[in-house]
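A.B. asks: One structure, pasted below without further comment.
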Amino acid sequence: MPSAVIIISNPGAANTVSSVSPEARRDLLRTHTEIRMEEDKAVLSIEAADTSAMRAALNSFLECVMITENIEKITKGTI
């Protein structure tokens with residue numbers, strides 16, 4: 001069973017966790033995902049039934065993280 005752990009260590013890690021949590025709580029047939037804070041870092045864990053499900057989950061969650069980070073940059077005026 002493929003698995004991946006992504007650690008996000010930027011100042012907006014807590015925002016990422018709160019933004020991505022609703023999606024991570026939805027277990028799909030072939031993937032299980034969880035996101036949590038560990039100290040000041042967001043930790044995203046993904047387990048998948050096969051490599052195709054892992055690829056899809058990684059693409060989806062990495063895009064969510066990127067969008068969250070971009071929104072934070074826009075609201076702080078750093079983009």
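The values are calculated or read from the model by the stated rules, or taken from the named source; none is laboratory data. Everything numeric in this text was worked out from a predicted model, so none of it was measured. Please note: Cβ atoms are built from the backbone with ideal geometry, for glycine as well, and neighbour counts cover all protein chains shown. The area values use the complete protein model at the heavy-atom level, side chains included, leaving out ligands, DNA and RNA. Shrake-Rupley method; radii C 1.70, N 1.55, O 1.52, S 1.80 Å.
A.B. asks: Taking the full set of protein chains and a 1.4 angstrom probe, give the accessible area of Ser45 in square angstrom, rounded to the nearest 10.
C.D. replies: So the heavy atoms of Ser45 present about 30 Å² to solvent.
A.B. asks: Given a cut-off of under 8 Å on Cα pairs at least six residues apart, what relative contact order in percent is computed for the chain?
C.D. replies: Working: 107 pairs, mean separation 27.1, N = 79.
With pairs under 8 Å counted, the relative contact order is 34 percent.
A.B. asks: Taking the Cα centre of the chain as origin, sum charge times position over the Cβ atoms of Lys and Arg (+1) and Asp and Glu (-1), and report the length of that vector in debye to the nearest 20.
C.D. replies: Working: 8 positive and 11 negative charges, 33 e Å.
Its charge dipole is roughly 160 debye.
A.B. asks: Also, quick follow-up: Would you calculate a helix-derived [θ] at 222 nm for the chain, using -39,500 (n - 2.57) for each DSSP H run of n ≥ 4 and dividing by the full residue count, to the nearest 500? Kindly include the intermediate steps, with their values, before the conclusion.
C.D. replies: Values: 2 runs with 38 residues, N = 79.
Calculated from helices alone, the mean residue ellipticity at 222 nm is -16500 deg cm²/dmol.
A.B. asks: Then there is this: Would you mind getting the accessible area per residue of the chain, heavy atoms of the protein chains only, 1.4 Å probe, in Å²? Numbers along the way, then the final one.
C.D. replies: Details: 5170 Å² over 79 residues.
Computed with neighbouring chains in place, this is 65 Å² per residue.
A.B. asks: Which label marks the calculated value of Cα Rg over 2.2 N^0.38 Å, given the options (1) 1.75; (2) 1.11; (3) 0.98?
C.D. replies: (2)
A.B. asks: Counting only protein heavy atoms and a 1.4 Å probe, tell me what percentage of the chain's accessible area is made up of carbon and sulfur. Intermediate results must be reported in sequence, preceding the final value.
C.D. replies: Values: 2860 of 5170 Å².
About 55 percent, which is the carbon plus sulfur part of the accessible surface.
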